[in-house]
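First up is the structure itself, then whatever we jot down about it.
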Amino acid sequence: MVTFPTLRPRRLRKSKLIRDLVAETSLSISGLIQPIFIKETINEPEKIDSMPGVYRYPVNEHLIKYVEDVYSTGVRNFILFGIPSYKDDFASSAYAKNGVIQRSLRLLRETFGDKILLITDECTDEYTSHGHCGIITQKDGKLCIDNDESLKVHAMIAVSQAEAGADIIAPSSMMDGVVGAIRKALDESGFNDVAIMSYSVKYASTFYSPFRDAAYSKPAFGDRRGYQMDPRNAYEALKEASLDIEEGADILMVKPAHTYLDVIRLVKTTFPQYPLAAYHVSGEYSMIKAAALNGWIDEKVAVLEITTAIKRAGADLVITYYAKDIANWIKEGVPF
């Protein structure tokens, strides 16, 4: 075995050129996905207090301008989250022909054609009066989610998004069987080539809190621990991912990202043949942003280090509110 002084690891660290030459992990702009919040009832961008630097956009020229700005950095991939003008118990605005996401898809597709990739979050929480990811029923005197009845609604939402121009549907409800229900509905409607990026491994996390503020999607009662995963479990992720694969998922996802690096590695090692996305969620974003605004950390270096860690753990794609910034920073040169 070669040891010191013959082996000196510092030789490969003595300059940035050498470090770049032998780096095991690299960031690429093509693997970044930019989330966008789109609100139906506004005409001007609206700041989100819990997510400094992130805005809700109206379905008009402001949305087009924002996508153009992100596109100019080299980012081509966008995931859309809608905030409707009305909510009800059955999320009817989520599958309305002229719903906020459907209108946004048509506007962006007409403007950009096939120059951008449009992914749609598919769920009911932003569209229901109760804020849950399915249809509510009563059982033994208690309110609960009717899993199988909810699948019908999720399938309707997915088809309406595909009809409006979505390239990829991303079901995030964590309902059992939702990927299979959506795949069946898409195929029967003639959308065999529309892919599914499933939120396969989605944990019940406090790091979603700023998102729920941004999308007005906090549950009106209870919480989502009855359908999102327990943070104490890692190997359960393999059960969830394998079920989604069997049901027709094309891309898997782990959410959150930088607080679940071990799970990213576990899923990627087990299913290396499937592209794996990781969602660097709102709370993870806001923690970095808060520390940076207070001068406690170097924002650029921190974001690039964390995103590199997510990639190093095994993610092929990274959904991040920092996508636009990361793209610019990559072009400037990674400061490691």
* Listed residues S93, P58, I48: farthest to the positive end of the dipole of the stretch 32-103 (Cβ charges) -> S93
* Structure fact -> Cβ-Cβ cut-off under 12 Å around L151, Lys and Arg +1, Asp and Glu -1: the net charge is -3
* So for the chain, what are the equivalent ellipsoid semi-axes in whole Å, largest first, each being the square root of 5 times an eigenvalue of the Cα gyration tensor? -> 34, 24, 19
* To do: Mind checking the per residue accessible area of the stretch 80-124 for me, 1.4 Å probe, whole number of Å²?
  => 39 Å²
* Mean Cβ neighbour count within 10 Å, used as a protection proxy, ranking 43-50, 304-311 highest first -> 304-311, 43-50
* Straight-line reach from K87: which lysines have Cα under 27 Å away, leaving out those fewer than 8 places along the same chain? -> K39, K47, K97, K139, K142, K152, K184, K202, K218, K255
* Asked: Out of G74, P5, S129, whose Cα points farthest toward the positive end of the dipole of the stretch 1-129 (charges: +1 Lys, Arg; -1 Asp, Glu; placed on Cβ)?
  -> P5
* To do: Add +1 for every Lys or Arg and -1 for every Asp or Glu among the other residues with Cβ under 13 Å from the Cβ of A185, and state the total.
  => -2
* Structure fact -> The computed P(r) of the stretch 1-145 puts the percent of Cα pairs beyond 26 Å at 46 percent
* To do: Order the peptides 84-94, 59-69, 122-132 from the highest to the lowest mean number of other Cβ atoms within 10 Å of their residues.
  => 122-132, 84-94, 59-69
* Asked: Using 1/(1 + (r/R0)^6) with R0 = 35 angstrom and r between the beta carbons of Y86 and R109, what's the FRET efficiency to the nearest 0.05?
  -> 0.90
* **Ellipsoid semi-axes in whole angstrom, largest first, where each is sqrt(5λ) of the Cα gyration tensor of the stretch 160-273** => 24, 19, 12
* Structure fact -> Once both label points are put 7 Å beyond Cα along the C-beta direction, the D148-E188 separation in nm becomes 1.5 nm
* Probe 1.4 Å, accessible area per residue of the stretch 146-252, Å² -> 41 Å²
* To do: Grab the other residues whose beta carbon is less than 13 angstrom from that of V100, score K and R as +1, D and E as -1, and report the net.
  => +3
* **With DNA, RNA and ligands ignored, accessible area of M287 (1.4 Å probe; Å², nearest 10)** => 90 Å²
* Quick one: compute the contact order of the chain, relative version, from alpha carbon pairs under 8 angstrom and 6+ residues apart, as a percent. => 18 percent
* Roll a 1.4 angstrom probe over the protein heavy atoms and tell me the percent of accessible area of the chain that is carbon or sulfur. => 52 percent
* Structure fact -> Placing each pseudo-label 7 Å from Cα in the direction of the beta carbon, I29 and D213 end up separated by a distance in nanometres of 3.1 nm
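The values are calculated or read from the model by the stated rules, or taken from the named source; none is laboratory data. Keep in mind that what you see is a predicted model, and the values were worked out from it rather than measured. Every residue, glycine among them, receives a Cβ derived from its backbone with ideal geometry; neighbour counts consider all protein chains shown. Accessible surface is based on the protein model in full, side chains and every heavy atom, while ligands, DNA and RNA are left aside. Shrake-Rupley method; radii C 1.70, N 1.55, O 1.52, S 1.80 Å.
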